[in-house]
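Chemist: Below: one structure in structure tokens.
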Amino acid sequence: MFEVRDLWPQSLEAVGAAPSSSIFYRSLERLARFLYQRADRIVVDGEWKRCTLAAAGVQPQKIVVIRNGVAEDFCLEPESAGALSARQQLRIELKLLDKFLVMYCGTLGMAHGLETVLLAADRLRQWPEIVFLLLGEGAERDKIIRRIDELRLSNLRYLGKQARERIPAFLAASDACLVPLRRSEVFKTAIPSKMFEAMIAAKPVILGVEGEAKEILLEARAGIAVPPEDAEALAGAICTLWKNPVLGLKQGGNGRLAALDKYTRRHQSTAYLELLAGLVNTPRHHGVPEQLQPGKPTSVK
């Protein structure tokens, strides 16, 4: 089994870490090809990744899509007494009781294009009712902190890495969740798991990702999609939700329904167990299970 959640080494070039002409890139490319060839089954988290690998010469019969998911009990039950209490307490703690809170929670990495979030905050400084919460750690942490200081973003709070058990309270306290990535062809195949965490918590998602993630969001009617690295569009989407709280509630509710219906860990683990059982119990031929030979249908979609 070969589990593929990001495309390597293409992701290195996408974040500017290594050009495709470098020895490092080519070495990783050879390693990836070797693993694709030797694997009996390749699991990817989206159709766009499946198509990309097939177009690159990976046997389509090997590739199965099992999407990312979220635990059903990850968040506090929306609108429950527990969620409302956690929301109130955290907002009091942060002294942001009457603000519209826009949250980014996750890795502060090279892929995430968080400069766009800072520039959107800069554009919205004239509306003190809107406050950004930034949670997490990562390779870009120090650079982001410097930029916050340079831009003098009094409407943005960087709170660092938080214990995982506190994240449900932060989700309850927020009014919208940001899911950005840099603009790149390879990131059109990305489906950030933080999108599903916001959806299960019934929070509208403002998505700065093109491709399959955008398709999922729009199909679920769970938020607003904006072009990657477009601070003006991001600021506009935030204002739209701030001025239209009913819209945010509607999109958040849509997202929760979609997450419960399609994107829970329970659904995905069931599909994965079926896949593993089929792989173990089928005859093998030259390293590839019989059911994966050309002309043999796959049982898991």
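The values are calculated or read from the model by the stated rules, or taken from the named source; none is laboratory data. These numbers were taken from a predicted model, which means no experiment stands behind them. Glycine gets a Cβ as well: all are built from the backbone with ideal geometry, and neighbour counts include every protein chain shown.
Chemist: Based on this model, can you work out whether LEU108 counts as at pLDDT 95 or above, crowded, with 21+ Cβ neighbours inside 10 Å and part of a loop (DSSP other than H, G, I, E, B)?
Modeler: Yes, satisfied.
Chemist: May I pose another question? Given the criteria charged (D, E, K, R) and closer than 22 Å to THR189 by Cα, does LYS49 qualify?
Modeler: It is true that LYS49 is charged (D, E, K, R) and closer than 22 Å to THR189 by Cα.
Chemist: Still on this structure, I have one more. Restricting attention to region 213-226, which residues are surrounded by fewer than 21 Cβ atoms within 10 Å (Cβ to Cβ) and out of contact with any strand residue (DSSP E or B) (no Cβ under 7 Å at 6 or more places or on another chain)?
Modeler: Those that are surrounded by fewer than 21 Cβ atoms within 10 Å (Cβ to Cβ) and out of contact with any strand residue (DSSP E or B) (no Cβ under 7 Å at 6 or more places or on another chain): GLU215, GLU219, ARG221.
Chemist: Right, here's the next one. When you go through LEU101, LEU7, LEU76 one by one, which is the residue that is in a loop (DSSP other than H, G, I, E, B), in contact with a helix residue (DSSP H, G or I) (Cβ under 7 Å, 6 or more places away or on another chain) and not assigned by TED's automatic domain parsing to the domain that holds THR270?
Modeler: Only one candidate passes the filter, namely LEU76.
Chemist: Within region 116-146, count every residue that is under 13 Å from ALA235 (Cα atoms) and either surrounded by fewer than 17 Cβ atoms within 10 Å (Cβ to Cβ) or of a type outside the set (S, T, N, Q) (or both).
Modeler: 14
Chemist: When the residues of region 248-295 are filtered to those that are surrounded by fewer than 14 Cβ atoms within 10 Å (Cβ to Cβ) and over 19 Å from ARG41 (Cα atoms), which remaining residue is modelled with the highest pLDDT?
Modeler: So, considering only residues that are surrounded by fewer than 14 Cβ atoms within 10 Å (Cβ to Cβ) and over 19 Å from ARG41 (Cα atoms), the one modelled with the highest pLDDT is ASP261.
Chemist: I would also like to ask the following. If you go through region 10-58 one residue at a time, how many are of a type outside the set (Ser, Thr, Tyr) and assigned to a helix (DSSP H, G or I)?
Modeler: Going through region 10-58 one residue at a time, the tally reaches 25.
Chemist: Let me ask another. Could you please let me know if GLU47 is under 23 Å from the mean Cα position of the chain (by Cα), surrounded by fewer than 18 Cβ atoms within 10 Å (Cβ to Cβ) and in contact (Cβ under 8 Å) with a residue 40 or more places away in the chain?
Modeler: Considered against the rule, which asks whether it is under 23 Å from the mean Cα position of the chain (by Cα), surrounded by fewer than 18 Cβ atoms within 10 Å (Cβ to Cβ) and in contact (Cβ under 8 Å) with a residue 40 or more places away in the chain, GLU47 comes out as yes.
Chemist: Search region 226-244 for residues that are assigned by TED's automatic domain parsing to the domain that holds PHE100 and farther than 21 Å from GLU215 by Cβ and pair each with any residue that is crowded, with 17+ Cβ neighbours inside 10 Å and among the aromatic types (Phe, Trp, Tyr) when their beta-carbon atoms are under 6 Å apart and the residues are at least 6 apart or on different chains.
Modeler: TRP242/PHE100
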